[in-house]
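Please read the structure below before turning to the comments.
The values are calculated or read from the model by the stated rules, or taken from the named source; none is laboratory data. Everything numeric in this text was worked out from a predicted model, so none of it was measured. Virtual Cβ from ideal backbone geometry, glycine too; neighbours counted across all protein chains shown. Side chains included, ligands, DNA and RNA excluded: accessible areas come from the protein's heavy atoms. Shrake-Rupley method; radii C 1.70, N 1.55, O 1.52, S 1.80 Å.
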Protein chains: 2
Amino acid sequence: MPGIIEVAQLAGVSTATVSRALSGNGHVSAATRDRVQAAALELGYVVSSNASSLATGRTKNVGVVIPFLNRWFFSSVIEGAEQALLTHGYDLTLYNLSGGGDERRLVFEHFLLRKRVDAVIAISLELTPGEVGRLLAMNKPIVGVGGPLPGVRTLSIADVELGRLATEHLLSLGHRSIGHIGETEESETDFHVPTNRRAGYESALLAVGVPVDPELFRSGDFTIQGGYAAAKQLLGNPRKRPTAVFAASDEMAIGAILAARDLGLTVPGDVSIIGIDDHELAEFFGLSTIAQFPAAQGRLAVEILMDQLHPGHRDQSTVNTPLNYELVVRSSTARPATPRR
Amino acid sequence: MPGIIEVAQLAGVSTATVSRALSGNGHVSAATRDRVQAAALELGYVVSSNASSLATGRTKNVGVVIPFLNRWFFSSVIEGAEQALLTHGYDLTLYNLSGGGDERRLVFEHFLLRKRVDAVIAISLELTPGEVGRLLAMNKPIVGVGGPLPGVRTLSIADVELGRLATEHLLSLGHRSIGHIGETEESETDFHVPTNRRAGYESALLAVGVPVDPELFRSGDFTIQGGYAAAKQLLGNPRKRPTAVFAASDEMAIGAILAARDLGLTVPGDVSIIGIDDHELAEFFGLSTIAQFPAAQGRLAVEILMDQLHPGHRDQSTVNTPLNYELVVRSSTARPATPRR
DNA sequence: CTGAAAGCGCTTACAG
DNA sequence: CTGAAAGCGCTTACAG
């Protein structure tokens with residue numbers, strides 16, 4: 001493998017000049033730059049990132065930590081982040097915590113501290129003060145996605161608001177008996193996503209004077225299977241079947257649609273169903289939902305990081321940036337067949 | 001951040017000894033080792049991976065290149081690989097090519113050559129001789145997953161055999177009119193997965209004297225939507241509706257199940273359906289399938305890499321390791337209602 | 001078992 | 001605009 005010395009010899013300059021010509025840092029005459037670039041190309045020279053990192057202190061690599069990889073939402077965020085990083089010439093080193101156990105500690109106390117990454121993006125993880133502190137002490141900027149984090153630039157989704165909006169959509173169609181499928185507090189993820197969405201649901205109900213009926217809440221995990229099982233309970237109840245269901249995620253909502261079908265109910269004829277996410281399958285199922293653009297979240301997280309990593313920070317003032325969301329009405333929601341009012 | 005010098009001072013030894021004590025390379029007395037470890041712990045010392053890599057030439061990082069991230073199969077492989085790498089103290093740097101365009105060239109001609117990774121795992125990518133050559137010239141071991149690659153250790157799935165097995169299962173139940181949903185050659189991935197599975201389907205048919213009927217083949221992409229659309233065509237045909245369908249992936253098979261339901265057909269009463277993968281939703285849909293254990297594939301790829309990276313290579317002889325697969329019979333396949341024989 | 005010192009391959013003030 | 005040289009923080013023959 002040719003090193004910088006070979007390039008310098010071939011181009012007839014010093015290694016310092018090669019470094020300057022190739023990196024763009026410092027002035028080099030156009031003629032010299034051309035000669036150096038030609039030499040580098042001819043030899044197939046590629047800078048050693050370790051040597052470069054050691055000398056500059058910057059690695060052009062960012063660590064991304066996520067709780068799960070194998071879920072549409074998370075892999076979409078990663079995909080968005082990866083593309084944006086590549087564009088900036090950065091690598092993405094992935095730390096997936098889904099194995100559970102000691103992984104989180106290992107990642108935060110060992111892997112992330114080896115000076116291999118310039119910065120960290122933490123997705124849907126409520127970092128502890130210790131985790132944040134260690135990283136910040138090493139001068140590693142952090143961007144959190146999913147919720148606010150003291151001392152950290154974050155992107156967060158207004159989960160309470162999303163739950164409220166989804167419920168309001170159902171209310172505005174005339175539904176008054178609205179079930180909710182979420183998750184119980186115990187099995188919750190870091191940012192209390194299900195709890196917040198449920199709070200939004202309840203506040204929307206209360207706002208129009210509809211009492212919250214605990215019997216209309218069912219829990220299940222954030223999967224199609226989980227939504228299916230919960231919806232079967234909810235919609236199979238002969239005494240109190242809601243005319244609409246708000247599921248805390250699209251995957252649960254899809255499970256609910258399948259459960260309704262299996263019960264012989266039509267959607268939205270017998271029951272309206274709405275989710276949150278705008279999952280890749282939402283359109284296929286005609287699912288009304290609140291879109292939350294995970295790939296864009298990943299990209300945005302990278303842009304914010306770049307602002308911190310490179311001079312000329314723009315809006316350093318905004319510590320917590322709210323994320324966009326949008327109600328997407330498809331064919332799974334409609335007026336109730338027998339409006340009760 | 002404390003460096004090796006501070007640790008050496010605190011422990012009252014040279015930096016050489018600190019290095020040996022902490023890395024385990026070279027002899028150090030037990031007493032000294034304890035003192036060094038205590039000092040490192042007290043200072044919160046973590047070795048700089050860049051400095052270490054520069055000195056040793058090894059990075060403890062492997063690059064994983066994949067064509068898509070946002071698909072169950074691929075994210076499962078990554079998940080398996082990531083866990084195995086973490087166990088060995090390695091990082092995983094992810095290169096996702098799904099953005100298309102120039103990414104592949106960029107990754108192979110720039111990112112992967114910066115000496116940042118010790119090795120690369122290429123998933124479902126038919127590397128070109130140039131891509132393989134450049135990596136091997138830099139002494140980077142490669143493990144390919146998905147198919148054979150000249151000059152590279154690979155793990156591959158016998159796609160023709162899988163197609164044959166799935167079809168044989170249907171034949172053995174008594175089906176003779178068996179449709180197939182795959183992908184057209186044009187839109188194929190690197191290893192001709194759909195073509196091979198289709199070849200297996202055809203050979204199984206021919207082996208029992210059932211002629212291959214081109215009208216019973218429909219193409220669609222490897223998604224639920226794609227399978228749904230293709231199955232609608234196949235099962236909606238009033239003149240020639242097959243009694244069974246073999247879909248080239250579970251996602252397509254699930255789409256086919258939903259299509260059958262929408263046509264008022266029962267599965268497996270009116271039509272049997274089988275897929276390939278053992279997708280996380282397969283059990284939920286009662287889908288019979290050929291399981292192919294992607295997480296295990298990721299783990300195995302890592303083990304093979306470790307063998308190459310560290311002395312004591314075991315089975316260097318086996319260049320191409322065939323992967324396990326297994327027929328899983330659930331409730332989507334049964335004897336045809338009106339056996340034709 | 002342990003230390004002094006060279007070397008890994010770059011980058012960047014410091015001069016000129 | 002360009003070069004000589006120090007330095008980034010480790011590791012590892014080479015001695016002892």
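Please specify each residue of the stretch B:1-36 satisfying the condition of being under 21 Å from A:Ala137 (Cβ atoms) and either more than 41 Å from the chain's Cα centre (by Cα) or more than 8 Å from DNA strand D (Cβ to nearest atom) (or both). Passing the criteria: B:Ile5, B:Glu6, B:Val7, B:Gln9, B:Leu10. State whether the residues of the stretch A:53-69 include one that is among the hydrophobic types (A, V, I, L, M, F, W, C), more than 8 Å from chain B (Cβ to nearest Cβ), within 16 Å of DNA strand C (Cβ to nearest atom) and over 23 Å from A:Arg134 (Cβ atoms). Checking the stretch A:53-69: at least one residue is among the hydrophobic types (A, V, I, L, M, F, W, C), more than 8 Å from chain B (Cβ to nearest Cβ), within 16 Å of DNA strand C (Cβ to nearest atom) and over 23 Å from A:Arg134 (Cβ atoms). The single condition from (1) surrounded by 22 or more Cβ atoms within 10 Å (Cβ to Cβ); (2) in the same structural domain as B:Pro141 (by TED's automatic domain parsing) that B:Phe68 fails is (1). Of all residues in the stretch A:167-220, those being closer than 30 Å to A:Ile66 by Cα and among the β-branched types (Val, Ile, Thr) number 6. When the stretch A:24-33 is examined, which residues are found to be at pLDDT 90 or above and either near DNA strand C (Cβ under 8 Å from one of its atoms) or not in a loop (DSSP other than H, G, I, E, B) (or both)? Those that are at pLDDT 90 or above and either near DNA strand C (Cβ under 8 Å from one of its atoms) or not in a loop (DSSP other than H, G, I, E, B) (or both): A:Ala30, A:Ala31, A:Thr32, A:Arg33. Evaluate the following for A:Leu86: is it free of Cβ contacts under 8 Å to residues at least 12 places away in the same chain and closer than 25 Å to B:Phe111 by Cα? Yes.
Close contacts from the stretch B:275-290, counting a first residue that is within 13 Å of chain A (Cβ to nearest Cβ) and a second that is open to solvent by 20 Å² or more (accessible area, probe 1.4 Å) and of a type in the set (S, T, N, Q), with Cβ to Cβ under 6 Å and a gap of 6+ residues or different chains, come to B:Phe284/A:Gln225; B:Gly286/B:Ser331.
Considering each residue of the stretch A:71-94, count those that are open to solvent by less than 30 Å² (accessible area, probe 1.4 Å), more than 7 Å from chain B (Cβ to nearest Cβ) and either under 20 Å from B:Tyr90 (Cα atoms) or among the hydrophobic types (A, V, I, L, M, F, W, C) (or both), and give that number. Count: 6.
Considering (1) in contact (Cβ under 8 Å) with a residue 40 or more places away in the chain; (2) within 16 Å of DNA strand C (Cβ to nearest atom), say which one B:Leu113 fails and leave the rest. That leaves (1) as the condition not met.
I'd like the residue in the stretch A:2-22 that is open to solvent by 50 Å² or more (accessible area, probe 1.4 Å) and in contact (Cβ under 8 Å) with a residue 24 or more places away in the chain and, out of all such residues, is farthest from DNA strand C (Cβ to nearest atom). Filtering the stretch A:2-22 for residues that are open to solvent by 50 Å² or more (accessible area, probe 1.4 Å) and in contact (Cβ under 8 Å) with a residue 24 or more places away in the chain, the one farthest from DNA strand C (Cβ to nearest atom) comes out as A:Leu10.
Highlighted here are the helices (runs of 4 or more DSSP H) found entirely within the stretch B:37-109 that include at least 1 residues which are within 16 Å of DNA strand D (Cβ to nearest atom): B:49-56. Does the stretch B:286-301 include one or more residues that are open to solvent by 20 Å² or more (accessible area, probe 1.4 Å) and on the phi > 0 side of the Ramachandran plot? The answer is yes, given that some residue of the stretch B:286-301 is open to solvent by 20 Å² or more (accessible area, probe 1.4 Å) and on the phi > 0 side of the Ramachandran plot. Taken over the stretch B:34-45, the criterion of being more than 9 Å from DNA strand C (Cβ to nearest atom) and touching a residue at least 24 places away in the same chain (Cβ under 8 Å) is satisfied by B:Ala38, B:Ala39, B:Ala40, B:Glu42, B:Leu43, B:Gly44, B:Tyr45.
Taken as a whole, the stretch B:29-41 holds at least one residue that is open to solvent by less than 30 Å² (accessible area, probe 1.4 Å) and either within 14 Å of chain A (Cβ to nearest Cβ) or of a type in the set (Phe, Trp, Tyr) (or both). Against the condition in contact with a helix residue (DSSP H, G or I) (Cβ under 9 Å, 6 or more places away or on another chain), surrounded by fewer than 16 Cβ atoms within 10 Å (Cβ to Cβ) and more than 24 Å from A:Thr266 (Cα to Cα), how does A:Val208 come out, does it pass? It is true that A:Val208 is in contact with a helix residue (DSSP H, G or I) (Cβ under 9 Å, 6 or more places away or on another chain), surrounded by fewer than 16 Cβ atoms within 10 Å (Cβ to Cβ) and more than 24 Å from A:Thr266 (Cα to Cα). Filtering B:Arg134, B:Arg153, B:Arg116 for residues that are open to solvent by 10 Å² or more (accessible area, probe 1.4 Å) and away from every other protein chain (no Cβ under 14 Å) leaves a single hit, B:Arg153. Hey, can you tell me all the residues within the stretch A:95-113 that are among the acidic types (Asp, Glu) and either crowded, with 22+ Cβ neighbours inside 10 Å or more than 9 Å from chain B (Cβ to nearest Cβ) (or both)? Within the stretch A:95-113, just A:Asp102 meets the criteria.
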